[in-house]
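K.L.:
The structure follows.
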Protein chains: 2
Amino acid sequence: MARHTYDYPRPCLTVDCVVFGLDETALQVLLIQRAIEPHAGCWALPGGFVEMGESLEAAARRELQEETSLDISYLEQLYTFGGVDRDPRDRVVTVAYYALVKRLDHVARASSDARQVGWFPVNDLPPLAFDHEVIMAAAHERLRGKVRYQPIGFELLPTKFTLRQLQHVYETILDRALDKRNFRKKILSMDLLIELDETEQGVAHRAARLYRFDRRKYERLSKRGFLFEI
Amino acid sequence: MARHTYDYPRPCLTVDCVVFGLDETALQVLLIQRAIEPHAGCWALPGGFVEMGESLEAAARRELQEETSLDISYLEQLYTFGGVDRDPRDRVVTVAYYALVKRLDHVARASSDARQVGWFPVNDLPPLAFDHEVIMAAAHERLRGKVRYQPIGFELLPTKFTLRQLQHVYETILDRALDKRNFRKKILSMDLLIELDETEQGVAHRAARLYRFDRRKYERLSKRGFLFEI
């Protein structure tokens, strides 16, 4: 280890990643099965030690890529967990990051310290290593809060989508059914969507109107925030 | 230094505190003048190294107390700053915390690594050590965002207050004048205040109606969030 300039005790510093994946039916989260002690064989969030020459976010992206082969360009910092006893072996402080992606666009493969990798429904997780259940719960709460304050769906839906598809994104994240009329009225009042002169193609049911996001307004609302009371 | 279990390079870990103080005229922030290198003589946020046996928030409270003698029971985690070059001597990652207090209730006295301590208007800060200007800006932005999403004032105003006093809190934090009629209409529509059957005492101008917060609603709105478009 390099010579230290500051003569203070140093906790270990790690990063952990909560990657939420949305598919047609559920909100899932990406986990790895640990290959090494402590907690070998146990499922955990992907993550690992920060290297001296990389930023925290770069460390999170690198660890995620190494362990799961997922390459995610933007991870948002969630919170730093520094409980004294969160690792049985040593004092370890972890900076947690999170992201929400379209699950089918991201194929995960285990490597590095991961024996296996898998997507699990957020409501049906295996027991997790360390305090990862606490981190997971904080990330889930942040995500549910976020959909109330910021528009979502841009990276999750096709360019042209129906209101039913958008409602389904909200329902999956919030894990509850929303009233169709109420949802439509509220989302349209946000002035966020552009109604297209097109309808769905090749569906058995009555073809629904297609919409797209007004990108400028989407970005402005992402920044300013709104309150979507659903 | 104790023997390390994990054989990975270890950055230093510090905490820094952004304490906003509100008084009659301005939003201020608590700074210390550093007594030691690097940046000796420079103003900085209070903070320091995390000890092995304490949580991050406990470290923040301890450092704040040691350097400024301020005892603040609740600090909220802001963000963790881990840029590779943020300290000229070593890799130092810092977990930043923030709080908003009534300035006159908190008398600061320099000690420990602080040569001096002082409250500075957020809009007129001296040059700061390290990346503390970045941390300061992030905290200021978080605070301004917070007043749009959560009720404020409970810890900042007397139990009974006028709408003018409450408006002044918002104006000071947001650093701009608000339209009186509009502010009153909006804050009353939040259903957060209880109108009392009392008016101000001993004022030269026409005595204004007094209000108090409905504590239950205040807490519920703090949790659920609202959108106060001002």
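K.L.:
Taking the conditions exactly as written (more than 14 Å from chain A (Cβ to nearest Cβ) and outside any strand (DSSP E or B)), does B:Ala99 satisfy them or not?
P.N.:
no
K.L.:
Next question, about the same structure. Residues that are under 25 Å from the mean Cα position of the chain (by Cα) and among the polar types (S, T, N, Q), at least 2 per element: which strands (runs of 3 or more DSSP E) completely within region A:1-50 meet that?
P.N.:
The strands (runs of 3 or more DSSP E) meeting that bar are A:27-34.
K.L.:
Let me ask something else. Would you check if there is a residue in region A:6-27 being within 14 Å of chain B (Cβ to nearest Cβ), farther than 25 Å from B:Val84 by Cα and at pLDDT below 95? Show your work before the answer.
P.N.:
Residues of region A:6-27 that are within 14 Å of chain B (Cβ to nearest Cβ), as a first pass: A:6-16.
After this cut, where a residue has to be farther than 25 Å from B:Val84 by Cα as well, the list is none.
No, region A:6-27 contains no residue that is within 14 Å of chain B (Cβ to nearest Cβ), farther than 25 Å from B:Val84 by Cα and at pLDDT below 95.
K.L.:
Would you pick out the residues in region A:61-72 that are buried (at least 16 other Cβ atoms within 10 Å of the Cβ) and assigned to a loop (DSSP other than H, G, I, E, B)?
P.N.:
The answer is A:Ser69, A:Leu70, A:Ile72.
K.L.:
Another one. Does B:Val29 satisfy being in contact with a strand residue (DSSP E or B) (Cβ under 8 Å, 6 or more places away or on another chain), buried (at least 16 other Cβ atoms within 10 Å of the Cβ), of a type in the set (A, V, I, L, M, F, W, C) and within 22 Å of A:Glu54 (Cα to Cα)?
P.N.:
Taking the combined requirement at face value, the residue does not satisfy it.
K.L.:
Tally the residues that are among the hydrophobic types (A, V, I, L, M, F, W, C), under 23 Å from B:Asp197 (Cβ atoms) and under 15 Å from the mean Cα position of the chain (by Cα), restricting the search to region B:143-168. Give the derivation first.
P.N.:
Step one: of region B:143-168, the residues among the hydrophobic types (A, V, I, L, M, F, W, C) are B:143, B:147, B:152, B:154, B:156-157, B:161, B:163, B:166.
Next, only the ones that are under 23 Å from B:Asp197 (Cβ atoms) stay: B:154, B:157, B:161, B:163, B:166.
Going one step further and asking which of them are under 15 Å from the mean Cα position of the chain (by Cα), we end up with B:154.
Of the residues in region B:143-168, 1 are among the hydrophobic types (A, V, I, L, M, F, W, C), under 23 Å from B:Asp197 (Cβ atoms) and under 15 Å from the mean Cα position of the chain (by Cα).
K.L.:
Examine region A:128-150 for a residue that is aromatic (Phe, Trp, Tyr), more than 14 Å from chain B (Cβ to nearest Cβ) and more than 13 Å from A:Ile173 (Cα to Cα), and state whether such a residue exists.
P.N.:
no
K.L.:
Do we have B:Leu178 as buried (at least 18 other Cβ atoms within 10 Å of the Cβ) and either outside the structural domain of B:Val95 (by TED's automatic domain parsing) or acidic (Asp, Glu) (or both) here?
P.N.:
No: the conditions fail for B:Leu178.
K.L.:
Anything in region B:191-221 that is surrounded by 15 or more Cβ atoms within 10 Å (Cβ to Cβ) and of a type outside the set (D, E, K, R)? List them, or say none.
P.N.:
B:Leu192, B:Leu193, B:Leu210, B:Tyr211, B:Phe213, B:Tyr218, B:Leu221
K.L.:
Those residues that are small (Gly, Ala, Ser) and not assigned by TED's automatic domain parsing to the domain that holds B:Asp124, I need them from region B:1-31; list them, please.
P.N.:
Scanning region B:1-31 gives a single hit, B:Ala2.
K.L.:
Is there a residue in region B:102-116 that is closer than 27 Å to A:Gln77 by Cβ and either touching a residue at least 24 places away in the same chain (Cβ under 8 Å) or not assigned by TED's automatic domain parsing to the domain that holds B:Glu219 (or both)?
P.N.:
Checking region B:102-116: not a single residue is closer than 27 Å to A:Gln77 by Cβ and either touching a residue at least 24 places away in the same chain (Cβ under 8 Å) or not assigned by TED's automatic domain parsing to the domain that holds B:Glu219 (or both).
K.L.:
Moving on. Given the structure, is A:Ile72 β-branched (Val, Ile, Thr) and either under 20 Å from the mean Cα position of the chain (by Cα) or within 12 Å of A:Tyr97 (Cα to Cα) (or both)?
P.N.:
yes
K.L.:
In addition: So which residues in region B:184-219 are out of contact with any Pro (no Cβ under 9 Å at 6 or more places or on another chain) and within 14 Å of another protein chain (Cβ to nearest Cβ)?
P.N.:
B:Lys186, B:Ser189
K.L.:
How many residues, within region B:73-94, are at the interface with another protein chain (Cβ under 7 Å from one of its Cβ atoms), surrounded by 21 or more Cβ atoms within 10 Å (Cβ to Cβ) and touching a residue at least 40 places away in the same chain (Cβ under 8 Å)? Talk me through it step by step, then tell me what you get.
P.N.:
Applying the first criterion (at the interface with another protein chain (Cβ under 7 Å from one of its Cβ atoms)) to region B:73-94 yields B:77, B:79-80, B:82-84, B:89-91, B:93.
This time we only want the ones that are surrounded by 21 or more Cβ atoms within 10 Å (Cβ to Cβ), so: B:80, B:82, B:91, B:93.
Right, trim to touching a residue at least 40 places away in the same chain (Cβ under 8 Å) and you get B:82, B:91, B:93.
Of the residues in region B:73-94, 3 are at the interface with another protein chain (Cβ under 7 Å from one of its Cβ atoms), surrounded by 21 or more Cβ atoms within 10 Å (Cβ to Cβ) and touching a residue at least 40 places away in the same chain (Cβ under 8 Å).
K.L.:
Another question, then. Considering only residues that are within 14 Å of chain A (Cβ to nearest Cβ), within 25 Å of B:Pro121 (Cβ to Cβ) and surrounded by 22 or more Cβ atoms within 10 Å (Cβ to Cβ), which ones fall in region B:35-60?
P.N.:
B:Gly47, B:Ala60
K.L.:
Are any residues in region A:105-132 closer than 19 Å to A:Glu67 by Cα and either part of a helix (DSSP H, G or I) or under 13 Å from the mean Cα position of the chain (by Cα) (or both), and if so, which ones?
P.N.:
A:Asp105, A:His106, A:Trp119, A:Phe120, A:His132
K.L.:
Conditions first: (1) surrounded by fewer than 17 Cβ atoms within 10 Å (Cβ to Cβ); (2) touching a residue at least 40 places away in the same chain (Cβ under 8 Å). A:Val19 passes all but one, so which condition is the exception?
P.N.:
(1)
K.L.:
Here's another thing I want to ask about it. Inspect all residues belonging to region B:102-112 and state whether any of them is closer than 22 Å to B:Glu155 by Cβ and at the interface with another protein chain (Cβ under 10 Å from one of its Cβ atoms).
P.N.:
No, region B:102-112 contains no residue that is closer than 22 Å to B:Glu155 by Cβ and at the interface with another protein chain (Cβ under 10 Å from one of its Cβ atoms).
K.L.:
Being touching a residue at least 24 places away in the same chain (Cβ under 8 Å), farther than 30 Å from A:Val95 by Cα and either surrounded by 13 or more Cβ atoms within 10 Å (Cβ to Cβ) or among the hydroxyl-bearing types (Ser, Thr, Tyr) (or both) is true for just one of A:Ile152, A:Ile230. Which residue is that?
P.N.:
Details: A:Ile152 fails: farther than 30 Å from A:Val95 by Cα.
Going through A:Ile152, A:Ile230 in turn, the sole match is A:Ile230.
The values are calculated or read from the model by the stated rules, or taken from the named source; none is laboratory data. Predicted, not measured: the structure shown is a model, and the values here were computed from it. No Cβ is skipped: glycine too gets one built from the backbone with ideal geometry, and neighbour counts run over all protein chains shown.
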